Amino acid sequence: SKKYRSFKPVHLRDRTWPDAVITKAPIWLSTDLRDGNQALIEPMNQARKLRMFEQLVKIGFKEIEVGFPSASETEFGFLRHLIDNNLIPDDVTVQVLTPAREALIRRTFESLKGAKRAIVHFYHAVAPVMRRVVFDMTQDQVIEELAIKHATLIKELAAQNPGTDWRFEYSPEMFSGTELEFSKRAVDAVVEAIGATKERPVIINLPSTVEHSTPNIFADMIEWMHRNVAKREAIILSVHPHNDRGTGTAAGEFAVMAGADRVEGCLFGSGERTGNVDVVNIALNLYSQGINPGLDFSNIDEIRQCAEYCTQLPVHPRHPYVGDLVYTSFSGSHQDAIKKAFSARKEGDIWEMPYLPLDPMDLGRSYEAVIRVNSQSGKGGIAYLMEAEHGAVLPRRLQIEFSGVVQEVTDASGKEVTAADLWTIFQREYLET
Ligand code: KIV
Ligand code: ZN
């Protein structure tokens, strides 16, 4: 008997997304301080949350989910700290999460008293497994008792606090494991209950709470919703991919091609289990294709240090765009090609560099790390470092001879040699006779 379910593509007569390309950046939401935080071994304290918030503002996020204020005093207190101390810039909107439960929604509104702008994000599960096993409700009950009832309450509470510019977000949780027709019913009901319009749209956030399928299937589901919801013009269509299969980035990108307007994720893929989608990855993929992501990663190392400090989790050395080793080339043929391409480059040329997807300088990384030397390296890298680091231009015959000397050292040690080591070896070999 079969233990696992396979997910079939959704039937779409004129499927559009596989031919599409992304032509502009989506709206971004950082959920580092909520989904990212809730998955940490040690959740961020107020000081860490504040440091992360400031970093997210600096990167350029205009929508930041700052927490789950009804969940704990720390979460509630952090939001109060931001509001009471006027720490939210005028062009930034804070978002907060609440489950579809009356007491928790009321507490959430208390936490937002005095905010100039806010997005209230409410969610409840819609998936059959949750309906059957967790809360034992029929589809009709879910629509009436979870979706409509709480959307109406949220609208009323917002109306009672007219000093805040309110927006609303609804997530049918576990959308990725739910019948599409039922997700559509829930979404249509909420859009209606909130009274969303083209001028005052509601954010409908479709999560792959658990990433169950290949990214094309998730994109099919997004495209189906994009085409079939009753009032598409009154919706900002958002996606919230997780990364259980390791394909969160692809899912996010395909979803944007399929019609999503907005992407929720975390820096470097922090978040529940295998993480939320890595917004840095999607943004820099766009950047490397000439699309302005609207987020500033020109100091990627500072951002990484901040994320590592706040989450207490290290970023992998091979993490796309940011890892310690990603602008480093050890192999001789790569080094040689990069060296030649650097010398051939002129000011204003498009980036056409073997083995480097983008210019590390754009992210505040330096070329110094590009060429490193170990037993896999050839004369090109050695000559490059000797010239770049020590001003020594080696004639071709000497390059060949010296690389043989270095090879003996690296073969014996099995280790990398630094530019300083190269100079020591060179001195020993040729200058100290
Ligand atoms: O992954 C998820 O489904 C969530 C929701 C609360 C949006 O984080
Ligand atoms: Zn999530």
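Brief remarks on what is shown
- Among the candidates GLU347, GLU308, the residue that is loosely packed, with under 15 Cβ neighbours inside 10 Å and within 30 Å of GLY265 (Cα to Cα) is uniquely GLU308.
Listed here are the residues, each with its yes/no results for (1) surrounded by 14 or more Cβ atoms within 10 Å (Cβ to Cβ); (2) under 21 Å from ASP244 (Cβ atoms).
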| residue | (1), (2) |
| --- | --- |
| GLN141 | no, no |
| GLU173 | yes, yes |
| LYS184 | yes, no |
| THR197 | no, no |
| PRO207 | yes, yes |
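- Test: residue in segment 119-129 that is part of a loop (DSSP other than H, G, I, E, B) and of a type in the set (Val, Ile, Thr): yes
- Answer residue from segment 187-222, given it is of a type in the set (Asp, Glu) and within 25 Å of the chain's Cα centre (by Cα) and is farthest from ligand 1 (Cβ to nearest atom) among those: ASP220
- Test set (1) under 18 Å from the mean Cα position of the chain (by Cα); (2) closer than 23 Å to PHE168 by Cβ; (3) away from ligand 1 (no atom under 14 Å from the Cβ); (4) not acidic (Asp, Glu) - ILE235 fails condition number: (1)
- Cβ-Cβ under 8 Å pairs, at least 6 apart or on other chains, segment 1-28 side assigned to a strand (DSSP E or B), far side among the hydrophobic types (A, V, I, L, M, F, W, C): ILE27/ILE236; ILE27/VAL263; TRP28/PHE61; TRP28/VAL263; TRP28/VAL279; TRP28/ALA283; TRP28/LEU295
- Flag for ASN216 being within 13 Å of ligand 2 (Cβ to nearest atom), polar (S, T, N, Q), over 19 Å from PHE182 (Cβ atoms) and touching a helix residue (DSSP H, G or I) at 6+ places or on another chain (Cβ under 8 Å): no
- Taking the criterion of being hydrophobic (A, V, I, L, M, F, W, C) and either assigned to a helix (DSSP H, G or I) or without any contact (Cβ under 8 Å) to a residue 60 or more places away in the chain (or both), the residues of segment 278-298 that qualify are VAL279, VAL280, ILE282, ALA283, LEU284, LEU286.
- Qualifying residue in segment 314-337 (condition: over 30 Å from LYS379 (Cα atoms), at pLDDT 95 or above and in a loop (DSSP other than H, G, I, E, B)): yes
- Residue count, segment 14-37 (criterion: farther than 18 Å from ASN281 by Cα and either away from ligand 1 (no atom under 15 Å from the Cβ) or more than 16 Å from the chain's Cα centre (by Cα) (or both)): 7
- Checked against the criterion of being away from ligand 1 (no atom under 16 Å from the Cβ) and not acidic (Asp, Glu), the candidates VAL133, VAL142 yield just one match: VAL133.
- Within segment 252-271, the set of residues being within 13 Å of the chain's Cα centre (by Cα) and more than 20 Å from GLY294 (Cα to Cα) comprises SER270, GLY271.
- Residue within segment 30-46 that is at pLDDT 95 or above, of a type in the set (Val, Ile, Thr) and surrounded by fewer than 20 Cβ atoms within 10 Å (Cβ to Cβ) present: no
The values are calculated or read from the model by the stated rules, or taken from the named source; none is laboratory data. This is a predicted model, so every value here is computed, not measured. Here Cβ is always computed from backbone atoms with ideal geometry, including for glycine, and neighbour counts include all displayed protein chains.
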